[in-house]
Amino acid sequence: MRDGDLILITDMQNVYKAGQPWACLDTDGAARRISGLCRKAEESRKDIQVAMTVFMPPTDPHGTWKDYNVQYADINASEWMNELLDEMKPLARKYKVYEKSVYSSMCIPELREKAQKAGRVILTGVVAECCVLFTAIDLIDMGCKLVYLTDACSGFTKEKEAATELVLQGLSPLHCQLMTAGNYESE
């Protein structure tokens with residue numbers, strides 16, 4: 001952990017829990033590691049910021065997002081599925097939660113500004129091969145130093161998680177670094 005880091009928690013919502021329509025492999029494990037990471041960041045007394053995003057369905061969809069709204073109308077209408085996981089709610093009381101309706105978290109101007117000012121962005125959350133990957137690519141394009149925590153991100157399948165990590169490894173070490181939460185904490 002370093003002064004100036006920004007821990008970005010991406011879309012840790014109920015719809016991604018085991019047994020739910022968009023279940024990721026290890027959402028609960030990632031949530032535990034993210035919570036622990038934030039606790040250690042607070043205890044470290046270092047200047048580390050935390051920000052969270054939630055994916056909310058587009059209200060004025062364009063292009064394929066129109067089809068998305070039709071196909072997933074039941075999920076969009078479920079307040080519970082769109083809520084943060086219980087384990088994330090204490091963090092949401094401490095840190096700002098930003099709503100987005102596209103994959104990348106960098107569509108939010110205030111969050112873009114935080115990321116650009118950060119020494120590094122520590123990327124966590126779900127879905128590894130969608131929102132997390134799109135955010136990672138945007139962060140790299142913005143010139144941000146990126147740390148992708150492999151065990152604090154979760155995807156739909158092991159193969160998709162591995163493919164996401166392979167893409168990011170191809171951009172390492174210049175554009176990003178892959179670590180585990182434990183390695184980041186002890187850094």
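The values are calculated or read from the model by the stated rules, or taken from the named source; none is laboratory data. In this text the structure is predicted, and so the values were computed from the model without any measurement. Note that each Cβ is placed from the backbone with ideal geometry, even for glycine, and that neighbours are counted across all protein chains shown. Heavy atoms of the whole protein, side chains included, go into the accessibility calculation; ligands, DNA and RNA do not. Shrake-Rupley method; radii C 1.70, N 1.55, O 1.52, S 1.80 Å.
Filter the range 74-90 down to residues that are assigned to a helix (DSSP H, G or I) and open to solvent by less than 50 Å² (accessible area, probe 1.4 Å) and give me whichever is nearest to I48 (Cα to Cα). Steps first, please.
Just the residues of the range 74-90 that are assigned to a helix (DSSP H, G or I), to begin with: 74-77, 79-82, 86-90.
This time we only want the ones that are open to solvent by less than 50 Å² (accessible area, probe 1.4 Å), so: 75-76, 81-82, 88.
Details: I75: 34, N76: 33, M81: 29, N82: 27, M88: 18 Å.
Result: M88.
Restricting to the range 147-177, count the residues that are over 14 Å from G125 (Cα atoms), open to solvent by less than 40 Å² (accessible area, probe 1.4 Å) and assigned to a strand (DSSP E or B).
Count: 1.
Considering each residue of the range 122-145, count those that are buried (at least 22 other Cβ atoms within 10 Å of the Cβ) and over 23 Å from F156 (Cα atoms), and give that number.
1
Taking into account only those residues within the range 91-104 that are hydroxyl-bearing (S, T, Y) and either under 19 Å from D60 (Cβ atoms) or out of contact with any strand residue (DSSP E or B) (no Cβ under 8 Å at 6 or more places or on another chain) (or both), which is most open to solvent (accessible area, probe 1.4 Å)?
Looking at the filtered set, the residue picked out is Y103.
Spot the failing condition for K17; the list is (1) open to solvent by less than 80 Å² (accessible area, probe 1.4 Å); (2) within 26 Å of K158 (Cβ to Cβ); (3) at pLDDT below 95, and only one is missed.
(3)
Are there any pairs, at least 6 apart or on different chains, whose C-beta atoms fall under 6 Å, with the first in the range 164-183 and in contact (Cβ under 8 Å) with a residue 24 or more places away in the chain and the second of a type in the set (D, E, K, R) and assigned to a strand (DSSP E or B), and if so, which?
T180/D151; A181/D151
Of the residues in the range 20-34, how many are open to solvent by 10 Å² or more (accessible area, probe 1.4 Å), assigned to a helix (DSSP H, G or I) and small (G, A, S)?
Total satisfying the criteria: 0.
Scan the range 12-24 for residues that are farther than 18 Å from A73 by Cα and under 15 Å from the mean Cα position of the chain (by Cα) and jot them down.
M12, K17, C24, listed by residue number.
Within the range 6-13, is even one residue closer than 19 Å to E187 by Cα, surrounded by fewer than 24 Cβ atoms within 10 Å (Cβ to Cβ) and without any contact (Cβ under 8 Å) to a residue 60 or more places away in the chain? Outline the logic, then answer.
So in the range 6-13, the residues closer than 19 Å to E187 by Cα come out as 6-8.
Checking which are surrounded by fewer than 24 Cβ atoms within 10 Å (Cβ to Cβ) leaves us with 6.
Then drop every residue that is not without any contact (Cβ under 8 Å) to a residue 60 or more places away in the chain, which leaves none.
No: the range 6-13 contains no residue that is closer than 19 Å to E187 by Cα, surrounded by fewer than 24 Cβ atoms within 10 Å (Cβ to Cβ) and without any contact (Cβ under 8 Å) to a residue 60 or more places away in the chain.
Looking at (1) in contact with a Cys (Cβ under 9 Å, 6 or more places away or on another chain); (2) closer than 16 Å to R2 by Cβ; (3) among the aliphatic types (A, V, I, L, M), find the lone condition where M179 falls short.
Unmet for M179, out of (1) in contact with a Cys (Cβ under 9 Å, 6 or more places away or on another chain); (2) closer than 16 Å to R2 by Cβ; (3) among the aliphatic types (A, V, I, L, M): (1).
Are any of the residues in the range 178-187 at pLDDT 95 or above, open to solvent by less than 10 Å² (accessible area, probe 1.4 Å) and touching a helix residue (DSSP H, G or I) at 6+ places or on another chain (Cβ under 9 Å)?
No, the range 178-187 contains no residue that is at pLDDT 95 or above, open to solvent by less than 10 Å² (accessible area, probe 1.4 Å) and touching a helix residue (DSSP H, G or I) at 6+ places or on another chain (Cβ under 9 Å).
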